[in-house]
1. Considering only residues of the range 169-208 that are in a strand (DSSP E or B), in contact (Cβ under 8 Å) with a residue 60 or more places away in the chain and more than 24 Å from the chain's Cα centre (by Cα), which is surrounded by the most Cβ atoms within 10 Å (Cβ to Cβ)?
2. Identify the residue in the range 108-123 that is over 24 Å from the mean Cα position of the chain (by Cα) and modelled with pLDDT under 90 and, among all such residues, is surrounded by the fewest Cβ atoms within 10 Å (Cβ to Cβ).
3. For the range 229-261, how many residues meet the condition of being buried (at least 17 other Cβ atoms within 10 Å of the Cβ), assigned to a loop (DSSP other than H, G, I, E, B), more than 19 Å from the chain's Cα centre (by Cα) and not polar (S, T, N, Q)?
4. For the range 314-346, how many residues are surrounded by fewer than 20 Cβ atoms within 10 Å (Cβ to Cβ) and among the hydroxyl-bearing types (Ser, Thr, Tyr)?
5. Looking at the range 365-381, is at least one residue modelled with pLDDT of 90 or more, among the β-branched types (Val, Ile, Thr) and surrounded by 13 or more Cβ atoms within 10 Å (Cβ to Cβ)?
6. Does Ile527 qualify as being crowded, with 17+ Cβ neighbours inside 10 Å and either free of Cβ contacts under 8 Å to residues at least 60 places away in the same chain or within 21 Å of Phe408 (Cβ to Cβ) (or both)?
7. Taking Lys165 as the residue in question, decide whether it is touching a residue at least 12 places away in the same chain (Cβ under 8 Å), part of a strand (DSSP E or B), exposed (fewer than 15 other Cβ atoms within 10 Å of the Cβ) and not acidic (Asp, Glu).
8. Which of the helices (runs of 4 or more DSSP H) found entirely inside the range 415-527 contain at least 2 residues meeting this: over 23 Å from Pro119 (Cα atoms)?
Amino acid sequence: MKLRNVVIVTAAAGLALATGGWLLQRETEPGGGSVYQQARLFEDVLAHVADFYVDSIDERRLYQMAIDGMLDELHDPYSVFLKRDDFRALNEATTGNYGGLGIQIDVRDGWITVVAPLPETPAERAGIQSGDQIIALDGRSTEGWKNDQAVKELRGEPGSTVELKVRRVGVDQAIAFKLTRATIHIRSVQVSMMLDDKVGYVLLTPVSETSTQELTDAVSTLTQQGMKSLVLDLRGNPGGLLDQGVAVSDLFLDPGQEVVETRGRAPNTSRTYRDAKPQPWPHLPVVVLTNGGTASAAEIITGALQDHDRALVVGTPTFGKGLVQSLWQLTPETALKLTTARWFTPSGRTIQRRSKNEEDQLAQAEAAEVGRDTTKIDSTLVFHTDRGRVVLGGGGIRPDLFVAPDTFTTAERSFVRALGNKIPTYWDARTAYALEIKTAGRVKSPDFVVTSDMVDEVIRRLRARGVAVPDSVLPGAREVITQDLGYEIARYVFGRPAEVRRQRGEDRQVRAALSLARRAKTPQDLIALAAAQPTPASSRN
C-alpha cells in the first residue's frame with residue numbers, strides 16, 4: 001500500500017512539474033514579447049522570490065543580485081557594477097588621490113611596518129620613519145592586522161585626525177603621533193633617475209590623470225642632467241585612462257600621427273585619436289620595457305610607439321587587453337563600468353588576446369612571459385610598422401627584442417623550497433636585521449656590499465626561529481639572501497630610490513635596454529641595434 005502511494009505521489013509530482021512548466025512556457029515565452037512584457041516578467045519573478053523563497057532575502061539585495069547576474073552573463077570581466085569600495089578604489093587609481101597619511105606599509109613580525117613615508121605628506125612632516133612599527137591606532141592594538149585592514153584604518157576623510165603609537169628600533173619607549181589626514185597624491189612616475197651618464201630611466205605606473213605632466217617633468221629634468229637616451233619602464237603597468245594613454249604617446253609622436261583607433265557600436269565610441277602637438281624630444285632614443293603585467297592604456301602607448309618606429313620595445317609580451325571601458329556614476333557611491341569599444345593600434349592591430357575566459361587569458365600571458373607564447377600565428381594578424389617591420393596582433397604587444405626576466409637558479413629554488421610556508425618568517429628576519437643595521441649606522445653608501453657575515457647572521461636568525469636551512473641548500477640561500485638583504489637595507493637606510501637603483505642594476509631586462517640605449521644616437525639606431533642582436537626568431541616580431 002505504501003509503495004502504491006509513493007508511485008501515485010511521484011507520478012502526480014512529475015505531472016505537475018511537466019504541465020506547470022509547459023503552461024508557464026505557453027504563458028511567458030521568455031524569448032518573446034515586448035521589452036515591457038519582459039520587464040513585467042522580471043518584476044513578477046522577483047516578487048515571487050521575495051515572498052516565497054525558503055530563505056528571506058531583502059528585495060534590495062535581490063535587485064543587486066540581478067544586476068550582477070546580468071553583467072556576469074556578458075562573460076566580460078571588465079564590465080562590472082562598482083559598489084562603494086570598488087568605486088572608491090577605481091577613483092584612487094585613476095586620479096592618484098586618496099585621503100590618508102602618506103605611508104607605504106607592509107606586515108612584518110605581525111606588526112604594521114612603515115616601508116617609507118611619502119614625500120610632503122602628514123607622515124613625513126610628523127617624522128614617521130622607514131622601519132617604524134605602528135603598534136596602536138586610536139588606542140587599538142594593531143597586532144595581527146592584515147595589510148588590507150591597516151590600509152582601510154589609516155585612510156579616511158582629509159581633515160580627520162588619527163593617533164598612532166610607534167615602536168622604533170633603538171628607542172626604548174613607544175612614540176606617540178597625532179596626525180591630520182590630507183589628500184595624498186600617488187605619483188604616476190614612481191622613479192626617475194639616471195642609469196649612467198647618458199641613459200635616463202623612468203618607471204611609469206599606472207596611467208592616471210597626472211601621467212603626462214609627471215612624465216614631461218621627469219624627462220625634462222633628466223635631459224637637463226645630460227640624458228641622451230631614455231628607458232621607459234611600463235612593466236607591471238595595469239593601464240588606466242584612455243585619454244592619458246593618448247597624451248603620453250603624444251609626447252613622442254609628430255602632429256597628425258595616429259595614436260589609437262576605437263571601434264564601438266554606440267554613438268561617439270568609434271574614433272581615431274591623433275597627435276596634435278610637436279614632440280618636445282624628437283631625437284631622443286627611447287626603449288620601452290614591457291612584460292605580462294603591461295596592460296590596457298600602457299599597451300596603447302607601447303603599440304603606438306612601436307608602430308611608428310619611435311621606440312624599441314624590449315622584454316616580454318604584454319597582457320593583451322584591447323578593450324575600452326566607459327564609466328557611468330549611477331549614485332554618489334556606485335558606478336557602472338562597461339566595455340563599449342575595442343581599440344586598434346595605428347597599424348590596425350587589436351592586441352586583445354583570444355581566450356575562453358579571464359583565467360585562460362592570464363595563463364596565456366604568464367606562458368608568454370617565460371618564452372612559451374601559446375598564441376597561434378594567424379596570417380590575417382600580420383601588420384607592418386611605418387618602416388615596414390612586421391608586427392603581429394591578437395596576443396598582446398610582442399616586443400621587438402625578447403628578453404626573459406630574471407629567474408631563480410636551481411640552487412636558489414632549492415632554498416625557496418626549503419623555506420616552504422616559512423617564507424614570511426624569512427621576510428621578518430631579514431627586515432629586523434636590516435633595521436638593526438640602519439640603527440647602528442653600519443652602512444654609509446648606497447653602493448654598500450652585503451658581506452658574508454651579514455648573510456651568516458640572517459641564516460642564524462632563521463634557524464633560531466625554527467626554519468630549517470640544511471647545509472645542502474646553503475649555496476642557493478647565500479645567493480638569495482645577499483640580493484634580498486641588499487635591497488632591504490638600501491630601502492630602510494637610503495630610501496626607495498636607492499632600493500630601485502640597486503634592483504635595476506641587477507635586472508636582466510634593464511641591463512639589455514641600457515646596453516642598447518647607451519650606443520644609440522637616434523631612434524633609428526635602436527631598431528638597427530636590436531635587429532643585430534642574436535635573439536631566436538621565435539622570440540621576436
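1. Val199
2. Residues of the range 108-123 that are over 24 Å from the mean Cα position of the chain (by Cα), as a first pass: 109-111, 120, 122-123.
Pick out the ones that are also modelled with pLDDT under 90 and you get 109-110, 120.
Values: Asp109: 14, Gly110: 13, Glu120: 11.
It comes out as Glu120.
3. 3
4. 5
5. Taking the range 365-381 first, the residues modelled with pLDDT of 90 or more are none.
For the range 365-381, residues modelled with pLDDT of 90 or more, among the β-branched types (Val, Ile, Thr) and surrounded by 13 or more Cβ atoms within 10 Å (Cβ to Cβ): absent.
6. Details: crowded, with 17+ Cβ neighbours inside 10 Å: yes; either free of Cβ contacts under 8 Å to residues at least 60 places away in the same chain or within 21 Å of Phe408 (Cβ to Cβ) (or both): no.
So Ile527 fails the test.
7. On the way: touching a residue at least 12 places away in the same chain (Cβ under 8 Å): yes; part of a strand (DSSP E or B): yes; exposed (fewer than 15 other Cβ atoms within 10 Å of the Cβ): no; not acidic (Asp, Glu): yes.
No, not satisfied.
8. Numbers: elements: 423-440, 452-464, 474-494, 496-505, 508-519.
Because the criterion is at least 2 residues that are over 23 Å from Pro119 (Cα atoms), the helices (runs of 4 or more DSSP H) in the range 415-527 that meet it are 423-440, 452-464, 474-494, 508-519.
The values are calculated or read from the model by the stated rules, or taken from the named source; none is laboratory data. All of these numbers come straight from a predicted model, not from anything done at the bench. With ideal geometry, Cβ positions are generated from the backbone for all residues, glycine too; neighbour counts draw on all protein chains shown.
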